[in-house]
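Just below is one structure, and these are the notes that go with it.
The values are calculated or read from the model by the stated rules, or taken from the named source; none is laboratory data. What you are looking at is a predicted structure, and each value in this text was computed from that prediction instead of being measured. All Cβ positions, even for glycine, are placed from backbone atoms using ideal geometry, and neighbour counts span all protein chains on display. Ligands, DNA and RNA are stripped out before the accessible areas are found, and what is left, the full protein with its side chains, is counted by its heavy atoms. Shrake-Rupley method; radii C 1.70, N 1.55, O 1.52, S 1.80 Å.
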Amino acid sequence: MTTVDLGTIRRLVSVTVDDVEHRAPEGATIMDVLDDAGADTPRLCQAPNLTPVNACRVCVVEVEGSRPLVPSCARKVEDGMVVRTDTERVAHSRKMVLELLASANDLSEAGDDVARWQIEYGADPERYGPPGPPAAAGERGNRHAGHHGIPDGETRATVAQPVTVDNDLYVRDYARCILCYKCVEACGTDAQNTFAIAVAGRGFDATISTEFAVPLPDSACVYCGNCIGVCPTGALKSVAEHERREAGTWDPEGETVTTTVCSFCGVGCSLELHVQDNTIVNVTSPSDHSVTHGHLCIKGRFGFQHVQNVASPGEH
Amino acid sequence: MDLVLLPDAATEAERAAVDAAVGSPGHERRDLLLPAFHAVMDAVGWISRGALSYVCDRLHVPPAEAYGVATFYALFSVTPRAPRTAHVCDDVGCAAFGGEDLCAALEERLGPPGSGEEVTWTRSPCLGLCERAPAVFLQRASPSAEDEGNPEATRALASSPHDDAPGGDHAQIAPATADTVLRALDGEDVDGPDPVVSTPQAGGPDLELLSRVGVVDPGDLDSYRAAGGYAGLRRALAVGSARVVDEITVASLTGRGGAAFPTGTKWAAVAGSPEPEKYLVCNADESEPGTFKDRVLMEADPFALVEAMTVAGIAVGARTGYLYVRGEYPAAERAILRAVAEARRHGYLGDDVMGSGRAFDLEVRRGAGAYICGEETALMNSLEGRRGEPRAKPPFPTVAGLFGKPTVINNVETLVNVLRIVAEGGPAFASIGSGRSTGTKLFCLSGVVARPGVYEVPMGTTLRELLELAGGVPPDLRAILLGGAAGSFVTPDQLDVPLTLEGTREIGATLGSGVVLCFDSTTDFAAVLRRIAGFFRDESCGQCVPCRVGTVRQEEALARIVRGREIGGRTIELQLLRDVDRVMTDASICGLGQTAASAVRSALALGLIGGS
């Protein structure tokens, strides 16, 4: 007999967004309502397969009765809630979040959505002065909480620093890291339960780090690559992608995606093979897949070399 | 979860210190992470790879997360550091009042901050000793190296959250000179600041919160009882919890930590929660620059706080209360630990409080150098052994607070008010002051005042009247920082403002935590404002973008303005500051970011800086 899971039956509540009434199931977030209504709500730290941390604040909206703006990704709807997204206050905060991030981070690989929001909201990171010099490798991770050099304002502080390459599978380009916490969540209770990385340090000097910033091979990392899978800015990426980008042969326009099922074990994870120039460059899984929720293990994500082991002339 | 630990081994001294502090629980006890790190710091002066691994092994915490916690707090060091460090306040209450001179003198004698193998010095944000600037906090590890071979001795000396003596040999010096600091760094005993000296009204009439300061012996329960101590708890137990919560509500008591939330509302919510497990937390992480009232209360009258917490805990149905005391307050911690041990010994805490059959006990936990942990949800994360990052609200602590349970969290001064309300009844308390501003209020007067210190006045007293108590309106007064770094500046023409929530709001200011820091016209306000901006940049937890990056950009823009190096002119820079101000105020997660531009905004509006 076939059974159909109807899920928990949830009461519908009424929410008003920009004077239009919406019905939403209890427990939904404001962002769920906005998404259903087709609004283009910017987001960076939010992901459908991770617990909201509401850290980036780019999705803020006005909620009647709340003095500060409210993160739409995390705030659950309540019956009678009155939400506004079309105000100057909302636009200002969204613009400033995008602008402040762009003033401190390299967002050039953060994707088309972020590039579009930067223009749409009018972010102008250059008005904070020219960027300061990048930090030496490892220097940012060694700053002591509560102490910083007094700036003269001639340049703007950034998180620029060299790329960390300490293993064969992926690189950490923390000049792009916006501290969205997604990789930490994916490494922790939201997916992998490995806890190899966490946020260390404080304030502007906070970094994503292993204990004592040891190389990944010395940490608890199991190379599932789920941190790469959720990284929104290209701070974490496969060595294959990194090398192609460095060599100038990275070709996202020419990329094809082939869907298949992982053959390593019986779980049946759905895979998307990203292929450029007839070579697999990345493997992902859809975040709405009922088995993986977008997360994979080391074999699914990186164990594809055998597929493309083409015998060289003379070999058998 | 299997822990993957670094291969480095802990030394015997490190292991002994951790064992003495937290033992070997055999299951995850992340909440003991800060006590364990304190024990290591107190024993050897820094947290090595081996020590961190050992702590993780004992408490079942992943090392990356433990490292993230250790590096969040300014009083912990994960790199070798001299075991005796002088933290010298260069914040707004000290810098111009001897703090910068002291830094210069120490730099000459000890070299740059952080250098030196046995002793060193470092700059520090406000140490809560503003009434006797310049202030120094001495972080001194003990025992010394000779005990390393003797684990029993180390064990006996190492700290424990359950002992009545705190770990380490930490001390405060104020006012400090280079000579006293150097002698103390060499291990000489230091007389802690006398809280009675910091209370000019001590022993005088018309005091409530300060009535026992200088009157009772803070180390003697009998002395406290002789002064009427524990009458409040006796009455509270007699009338019952529901009545106590009602009285607090009727009294219209509001939180004295700065946010002024109605205390009765919190208590009623937790008391009415069906959840069987609840907590009471006392926020004694007083760190708002210019604030020292809670320190004086704890040092001079610790039993009052212990009694008030017992009243509160039992009233709301909590069996355990946590007192989170600022790490830079060793004298207050010692006084509180002694009072808790005494109270426990005499049946005022424990399974059967005063024979009532009600159970309530207290745990004292030490902060580790993070202003943000004064934010209530950040404090709870810190108590749970996490980074002091504020949580999203809702849910509010009354619904899901400490360990996810309904929690009442109150400031020290707020709680001490409870004793009077229980004794006199809510209506009597509410009859003092006006509107939402009832009862008496403590103010912290420092800077260019004749008699700096903590003062208690009824709500509604004017700022001028308060200054008169402290020796008169200072000659040549230029501005007063009211409410702390998160507050704003007021000027001599505003001295007739009644000190109430409503009165200060009317002039665009705030009572905040009761800071009244006075500056005369010789003040270098550019330096003051840059220090405040630097303070918020240092103390931002880094979780949300508006505050993490906004505080950096605010400090940079301010630097350009005071140096006359504006990009595109003054108007454009002021617009930039306003834009940063707005996003921090509107979109930050917590009160730190939401008020990080407040003092700068008011200084610019008053023309204290940026005059051309």
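Among the conditions (1) outside the structural domain of residue A:14 (by TED's automatic domain parsing); (2) within 25 Å of the chain's Cα centre (by Cα); (3) under 30 Å from residue B:569 (Cβ atoms), the only one that residue A:103 does not satisfy is (1).
In region B:77-90 there is at least one residue that is among the small types (Gly, Ala, Ser) and farther than 26 Å from residue A:207 by Cβ. Screening the candidates B:239, B:196 for the property of being surrounded by fewer than 22 Cβ atoms within 10 Å (Cβ to Cβ), within 25 Å of residue B:469 (Cβ to Cβ) and not aromatic (Phe, Trp, Tyr) yields one hit, B:196. Scanning region B:500-512 for residues that are closer than 18 Å to residue B:605 by Cβ and either free of Cβ contacts under 8 Å to residues at least 12 places away in the same chain or surrounded by 18 or more Cβ atoms within 10 Å (Cβ to Cβ) (or both) gives B:504, B:505, B:506, B:509, B:510, B:512.
Given the options A:10, A:57, A:84, name the one that is farther than 30 Å from residue A:204 by Cβ, in contact with a Pro (Cβ under 6 Å, 6 or more places away or on another chain) and either modelled with pLDDT of 95 or more or open to solvent by 40 Å² or more (accessible area, probe 1.4 Å) (or both). Sole residue among the options that is farther than 30 Å from residue A:204 by Cβ, in contact with a Pro (Cβ under 6 Å, 6 or more places away or on another chain) and either modelled with pLDDT of 95 or more or open to solvent by 40 Å² or more (accessible area, probe 1.4 Å) (or both): A:10.
Based on what the data block shows, is residue B:575 within 13 Å of another protein chain (Cβ to nearest Cβ), touching a residue at least 24 places away in the same chain (Cβ under 8 Å) and in a helix (DSSP H, G or I)? Give the derivation first.
Details: within 13 Å of another protein chain (Cβ to nearest Cβ): yes; touching a residue at least 24 places away in the same chain (Cβ under 8 Å): no; in a helix (DSSP H, G or I): yes.
No, not satisfied.
Taking region B:448-460 as the range and being assigned to a strand (DSSP E or B), more than 19 Å from residue B:132 (Cβ to Cβ) and open to solvent by less than 20 Å² (accessible area, probe 1.4 Å) as the test, only B:457 passes.
Here residue A:82 clears all of (1) closer than 22 Å to residue A:184 by Cα; (2) more than 26 Å from the chain's Cα centre (by Cα); (3) not basic (Lys, Arg) except the condition numbered (1). Considering only residues of region B:161-193 that are surrounded by fewer than 15 Cβ atoms within 10 Å (Cβ to Cβ) and at pLDDT 95 or above, which is nearest to residue B:33 (Cα to Cα)? Selected residue: B:183. Taking helices (runs of 4 or more DSSP H) as the structural unit, those lying wholly within region A:150-268 and holding at least 1 residues that are more than 14 Å from chain B (Cβ to nearest Cβ) correspond to A:226-230, A:239-247. Please determine, by comparing only the residues of region B:462-499 that are touching a residue at least 60 places away in the same chain (Cβ under 8 Å), part of a loop (DSSP other than H, G, I, E, B) and open to solvent by 10 Å² or more (accessible area, probe 1.4 Å), which one is farthest from residue B:125 (Cα to Cα). Among those residues, the one meeting the criterion is B:491.
Among the residues of region A:185-229, those that are more than 19 Å from the chain's Cα centre (by Cα) and farther than 30 Å from residue B:584 by Cα comprise A:211, A:212, A:213, A:214, A:215, A:216, A:217, A:218, A:219, A:220, A:222. Looking at this structure, is residue B:530 basic (Lys, Arg) and outside the structural domain of residue B:454 (by TED's automatic domain parsing)? Criteria met by residue B:530.
Taking the criterion of being open to solvent by 40 Å² or more (accessible area, probe 1.4 Å) and either within 12 Å of another protein chain (Cβ to nearest Cβ) or farther than 24 Å from residue B:470 by Cβ (or both), would at least one residue in region B:513-529 satisfy it?
yes
Among the residues making up region B:89-122, those that are under 23 Å from residue B:44 (Cβ atoms), touching a helix residue (DSSP H, G or I) at 6+ places or on another chain (Cβ under 8 Å) and within 14 Å of another protein chain (Cβ to nearest Cβ) are B:113, B:120, B:121.
Scanning region B:584-600 for residues that are more than 13 Å from chain A (Cβ to nearest Cβ) and out of contact with any strand residue (DSSP E or B) (no Cβ under 7 Å at 6 or more places or on another chain) returns a single hit, B:600. Here is a check on your reading of the model: is residue B:389 closer than 13 Å to residue B:280 by Cα and not hydrophobic (A, V, I, L, M, F, W, C)? Spelling it out, it is not the case that residue B:389 is closer than 13 Å to residue B:280 by Cα and not hydrophobic (A, V, I, L, M, F, W, C).
Let's see how each residue does on (1) within 10 Å of chain A (Cβ to nearest Cβ); (2) crowded, with 24+ Cβ neighbours inside 10 Å; (3) of a type outside the set (A, V, I, L, M, F, W, C):
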| position | (1), (2), (3) |
| --- | --- |
| B:532 | no, yes, no |
| B:540 | yes, yes, yes |
| B:558 | yes, yes, no |
| B:565 | yes, no, yes |
| B:582 | yes, no, yes |
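Screening residue A:34 on (1) more than 14 Å from every other protein chain (Cβ to nearest Cβ); (2) without any contact (Cβ under 8 Å) to a residue 60 or more places away in the chain; (3) out of contact with any strand residue (DSSP E or B) (no Cβ under 6 Å at 6 or more places or on another chain); (4) surrounded by fewer than 22 Cβ atoms within 10 Å (Cβ to Cβ) shows it passes everything except condition (4).
Selection over region B:467-481 of residues that are under 8 Å from residue B:519 (Cβ atoms) and among the aliphatic types (A, V, I, L, M) gives a count of 4.
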